[in-house]
Amino acid sequence: MSEFRNFLSNDSQGITELETQLQATAITLDADVTDAPVGFAPYAGKITKVWLAVGQIGQDGTNAASLAATVKKNGTAICTTDPALAKAAGTGGGNTLSTGAGITQAVIKSDGTEVVAAGDQFTVTWDVTRTASTITPEFANGIVMVAIKPYAV
């Protein structure tokens, strides 16, 4: 499922800005998914954030598991470092990520890839790594979001 939302934000100088968040949700993730739709840019602007979240990670508490999201704009990856979540072996089943542990923040490219034209298409490739697990789903309710700030509001 894909959707987008518009948000108004205030910075420290009291300037109000519009930001759109494109969002893709995957209900269950047990294997890689290539080029799932995220959405289309509603206007020209710049990518400001990319982030990943899950509702369930590592139901098999014995084996390691990780999930990364490669977001692409018109087929080209937009991050030098993709957002990812990793869970070490033996850390228990369910939502047992320690704060900050196993979390990789996205780093957005600054080579012009971050510039968006109205109508640019965004997709995500979900990269699931599991070790000897038979429990499904390993990941559930995965969400990747792309924030776009317009050049002019």
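Annotations for the structure displayed:
- Given (1) over 11 Å from the mean Cα position of the chain (by Cα); (2) open to solvent by 30 Å² or more (accessible area, probe 1.4 Å); (3) modelled with pLDDT of 90 or more; (4) not charged (D, E, K, R), index of the condition GLN105 fails: (1)
- Sub-8 Å Cβ pairs linking a first residue in segment 32-43 that is within 18 Å of SER66 (Cα to Cα) to a second residue that is open to solvent by 60 Å² or more (accessible area, probe 1.4 Å), at least 6 apart or interchain, are ASP32/ASP127, ordered by first then second residue.
- Cβ-Cβ under 8 Å pairs, at least 6 apart or on other chains, segment 70-82 side open to solvent by less than 50 Å² (accessible area, probe 1.4 Å), far side among the acidic types (Asp, Glu): THR70/ASP82; THR70/ASP127; VAL71/ASP82; LYS72/ASP35; LYS73/ASP120; ILE78/GLU114; ASP82/ASP127
Here's the yes/no breakdown for (1) under 17 Å from THR28 (Cα atoms); (2) modelled with pLDDT of 75 or more; (3) assigned to a strand (DSSP E or B); (4) touching a Pro at 6+ places or on another chain (Cβ under 6 Å):
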{"residue": "GLY61", "(1), (2), (3), (4)": "no, no, no, no"}
{"residue": "SER66", "(1), (2), (3), (4)": "yes, yes, yes, no"}
{"residue": "LYS72", "(1), (2), (3), (4)": "no, yes, yes, no"}
{"residue": "ALA132", "(1), (2), (3), (4)": "no, no, no, no"}
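- Any hit, segment 17-28, residues being open to solvent by 40 Å² or more (accessible area, probe 1.4 Å), out of contact with any Lys or Arg (no Cβ under 8 Å at 6 or more places or on another chain) and modelled with pLDDT of 70 or more: yes
The values are calculated or read from the model by the stated rules, or taken from the named source; none is laboratory data. Because the structure is a prediction, the values reported are computed rather than measured. Positions of Cβ are generated from backbone atoms using ideal geometry, with glycine treated the same way; all protein chains shown enter the neighbour counts. Only protein heavy atoms, including side chains, enter the accessible area calculation; ligands, DNA and RNA are left aside. Shrake-Rupley method; radii C 1.70, N 1.55, O 1.52, S 1.80 Å.
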